[in-house]
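The values are calculated or read from the model by the stated rules, or taken from the named source; none is laboratory data. Source: prediction; values computed, not measured. Note that we place each Cβ from the backbone using ideal geometry, even for glycine, and neighbour counts take in every protein chain shown. Note: areas computed on protein heavy atoms with side chains; ligands, DNA, RNA excluded. Shrake-Rupley method; radii C 1.70, N 1.55, O 1.52, S 1.80 Å.
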Amino acid sequence: MIHADFTARRFGLHTAHTSYWLAADDAGRLLHLYYGPLCRTAPALPPAPHNDPGCWPDRLPQEYPAPGLGDNHAPFFAPEWPDGTVAGDLRFAGAEVTPGKYALPGLPAFRDGDGAETLRLTLRDEAGLTVTLLYGVLPGCGVITRAAIVENTGRAPVTLRGVPSAVVDFAKADVPALDLITFDGDWAAERTPCRAAVRPGVQSVGSVGGIPTHAHNPFAVLCAPDAGEEHGACWGAALVYSGNYRIQAERTVAGVRLSLGIEPFRFAWTLAPGERFTTPEAAFVYSGAGLGGMSRAFHDAIRRHLIPPRWADLAAPRPVLLNSWEACYFDFDEAKLLALAAAAKDAHADLFVLDDGWFKGRDADTTSLGDWVADTRKLPGGVAGLCKKINALGLDFGIWVEPEAVSPDSELYRAHPDWALHIPGRETLAIRNQYVLDFSRDEVRENIWQQLTALLDSCPVRYLKWDMNRSLANVCSAALPAARQGEVYHRYVLGVYDLQQKLTARYPDLLLENCAGGGARFDCGMLYYAPQIWASDNTDALDRQMIQYGTSFCYPPCVMGEHYSTVPNHCTGRTASVEARMAAALTGTFGFELDLTRYTAAEIEALHPFVQFYRDHGALLRSGSYYRLAAPDGKGAVWAIAAADGSEAVVFAAGAPLDGRRQPLPFARPGARYAVQALYTGGADETAHAGEALAAPGLPLPALRGEVPGYIAWLHAQG
Ligand code: DGJ
């Protein structure tokens, strides 16, 4: 609910358990007052430093600070005027509350629904800029969203050299100390949480690689130093964006300023009089119940308001797929694929996905990206011929593409060398032997669109994996003049969104899975178009615990692409038990990623109970509340997904915790009695426990031997 006092110019944004307050002071400066537990009474304005609100803007908690006129924080908003100055003086000019949540043209954003509302605040700089701050309230999920629209209302061009989506000032008086948690890593090791106290000065994460990259994620948390999984104050901030970004925390004598938005490096957007720029959206959650509560709020909002509505019915079954990558890489022909598909069918999969290597000449990663036509040496009947045979086996068909990439050795590149991002006079960097297509250009996207629709119209393709195996470099568009090259990174992202929007509109039932060399573009922006993203190329049962654990701070497990793979693992060489590998894979969008033709009929049959487990409990796994019970430490972890009312849950464990210890389950209902059915290869066992005992001292985990043992159990309250 939005509380708006238009006379006093105070505004409260309330969700079920949280409030966010802001107000304009007498000078018209928009100040941040409060973000915390539900509080229906407007807090007082902060005392004006030196009794003069015109002084010391540096010390005032602000909602959309501008540089150059006394605010000495590290600037993010940077409007450059025709005289070469960079400054802003934004004063309150109006407010409006409307039912429903705003949408952003051409950009992904959390969707309307469940009583959402919008607050629009207008700020004006008399020199010729109007900034409209958009606030969305998703009351049921506890999420506040923000975005800004900057309009040139003057008579001369203004160049934006930085434009944050949102800034939140945490006053030192309210929050004396804060920790910052970011999610960092590498290829095959994405999104490891990294937590440290916010020190004086600026700490930031971000990307200049055109996509978020493996190194960081566009999500961060500020929290009280004592905050843990189930207690303490936490503020999570996610950027709904898939390109260059920055999340920056700055501690000054006044407190901590959190800013997030498009990375200012190489961003320059000139607004002619009357033109507007819309920032990507930022989404915030406050939780007084620790990091677990914060994550569960984001999970709810992503499932209910972000992923495509077509996939929002979490009770509807999702296909169990087999993906051909780790089974064959580039080395296959139709006979091999059909044998693999037959084995997938034997394993009770629903859908066969043909990964990389199917288009003409693609026997290695050195060639052919951009030429999306089947290699008839491998597929004599083309994609349609293979699809027909896969369908005849009783499986649906899916396929892999990498639409943004082009190989130097491709017909597309030979015909249109200027379609690749390229800085004239410099050698174009090939990463994984490929260039990046200039998706800021309509004609480039149109060519790829024509190729994609030809592929998707040629046969019933039920699933599409959209990959992107490199970051951007040599960023320069042959279609834009020198003065507008600062637009290219952002226009590129808008181009990706445009194509995914068209794709999902034309093929509403196509299950789209995003991917970027594993999880280099795992963000809220991509989730607006695809309900799942491949989390990492590392499918090792132990490493996956950390990747999925870190990912879960913002993103629900049901959007994480997770597959059961072979041993020794192709990334790590580690041999983990079937149960541990299944535990990692069953948590998210379950599938297979291994050459099942090498398995005996008995070995494949042993997988059936796990596939059945996914079918039986898939609705709970997709819709339930996620609990990080024992954090992964490289040796093991425990996690669970529970129904909101605690009536049932799936508990997973792998590695060291399986030493007979007890695991407290915070969601267990004290008055209930639970049956606990554990699933093992070749069997199951059932025990019963009082809910009170499961809450504390906890569920007795078995003592299991082996390099990486695993445990998967379904608990349900009886009576
Ligand atoms: C990277 C992806 O993460 C893999 O799953 C696979 O699709 C390869 N690319 C194919 O090149």
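Points to keep in mind about this one:
- Difference of contour (0.36 nm per residue) and Cα-Cα distance, ARG199 to ARG426: 77.7 nm
- Non-local Lys pairs in the chain, i.e. 8 or more apart or on different chains, that have alpha carbons under 24 Å apart: 21
- Cα pair distances of region 399-530 binned at 5 Å [whole percent]: 2, 10, 20, 24, 20, 15, 7, 2, 1, 0
- Charge context of ASP355, other residues only, Cβ under 10 angstrom, K/R +1, D/E -1: -3
- Electrostatic dipole magnitude of the chain [Cβ: Lys, Arg +1; Asp, Glu -1; Cα centre; debye, to 20]: 680
- Ordering of 316-322, 691-697 by burial proxy (mean other Cβ atoms within 10 Å per residue, highest first): 316-322, 691-697
- Rounded, prolate or oblate (a/c below 1.5 giving rounded, otherwise prolate when a/b exceeds b/c) for region 2-306 by Cα gyration tensor: rounded
- Rel. contact order, % - alpha carbon contacts under 8 angstrom, at least six apart, region 612-719: 28
- Amide H partners (placed H, <5 Å) of GLY232, local residues excluded: GLY290
- Residue-level accessible surface for TYR507, protein heavy atoms, 1.4 Å, Å²: 40
- Accessible area, probe 1.4 Å, largest first, for residues ASP313, ASP396, ASP595: ASP313, ASP396, ASP595
- In order along region 336-351, the phi-based Karplus estimate (6.51 cos²θ - 1.76 cosθ + 1.60, θ = phi - 60°) of 3J(HN,Hα) comes to 5, 5, 5, 5, 5, 5, 4, 5, 5, 4, 4, 7, 6, 6, 9, 8 Hz; Gly and Pro are listed as x.
- Summing Lys and Arg as +1 and Asp and Glu as -1 over all other residues whose Cβ lies under 14 Å from the Cβ of ALA127 gives a net charge of -3.
- Burial order of peptide ranges 343-350, 372-379 (average beta-carbon count within 10 Å, highest first): 343-350, 372-379
- Protection proxy ranking, peptides 114-125, 351-362, 83-94, average beta carbon neighbours within 10 Å, highest first: 351-362, 114-125, 83-94
- Region 629-717, Cα convex hull volume normalised per residue, Å³: 79
- By the Cα gyration tensor, the chain has an equivalent ellipsoid whose semi-axes, rounded to whole angstrom, run 43, 34, 20 from largest to smallest.
- J(HN,Hα) series, region 126-142, from Karplus relation 6.51 cos²θ - 1.76 cosθ + 1.60, nearest Hz, glycine and proline x: 4, 5, x, 10, 10, 10, 9, 8, 9, 10, x, 10, 9, x, x, 9, x
- Centroid-to-centroid separation of region 524-559 and region 253-294 [C-alpha atoms, Å]: 23
- Rh by Kirkwood over Cα pairs, then Stokes-Einstein D for region 602-669 at 1.567 mPa s and 4 °C, µm²/s: 97
- Probe 1.4 Å - accessible area at TYR674, Å² to nearest ten: 0
- Each Cα pair under 8 Å and six or more residues apart adds its separation to the average, and for the chain the resulting relative contact order is 10 percent.
- Residues of the chain: accessible area per residue with a 1.4 Å probe, Å²: 34
- Heavy-atom accessible surface of the chain: percent carbon and sulfur, 1.4 Å: 53
- Taken about its Cα centre, region 629-717 carries a charge dipole of about 140 debye when Lys and Arg each add +1 at the Cβ and Asp and Glu each add -1 at the Cβ.
- Computed over region 307-458, relative contact order equals 21 percent, with contacts defined as Cα pairs under 8 Å that lie 6+ residues apart.
- Using the Cβ-Cβ distance between SER647 and ALA44 with R0 = 60 Å, the FRET efficiency computed as 1/(1 + (r/R0)^6) comes to roughly 0.85.
- Remark: region 317-414 carries a charge dipole of roughly 400 debye about the Cα centre, counting +1 on each Lys and Arg Cβ and -1 on each Asp and Glu Cβ.
- Local net charge near GLY486, Cβ-Cβ under 9 Å (Lys/Arg +1, Asp/Glu -1): +2
- Estimated vicinal HN-Hα couplings, Hz - region 646-662 in sequence order (Karplus 6.51, -1.76, 1.60; Gly, Pro = x): x, 6, 8, 6, 10, 10, 10, 8, 8, x, 3, x, 7, 10, x, 6, 9
- Taking only the C-alpha atoms of region 198-299, the Rg (one decimal) and the largest Cα-Cα distance, Dmax (whole number), read 15.5, 51 Å.
- Treating each Cα of region 510-623 as an identical point scatterer and summing with the Debye formula, the log10 of I(q)/I(0) at q = 0.11, 0.19, 0.23 Å⁻¹ comes to -0.35, -1.02, -1.38.
- Summarising the amide proton neighbourhood of GLU275: residues at separation of 5 or more, or on other chains, whose placed amide H is nearer than 5 Å comprise ASN152.
- Inverting the pair-averaged 1/r between distinct Cα atoms of region 11-135 gives 16.1 Å as its Kirkwood hydrodynamic radius.
- Amide H contacts under 5 Å for TYR102, placed H, 5+ residues apart: none
- With Cα atoms as the point set, region 301-412 shows a radius of gyration and Dmax of 15.9, 47 Å.
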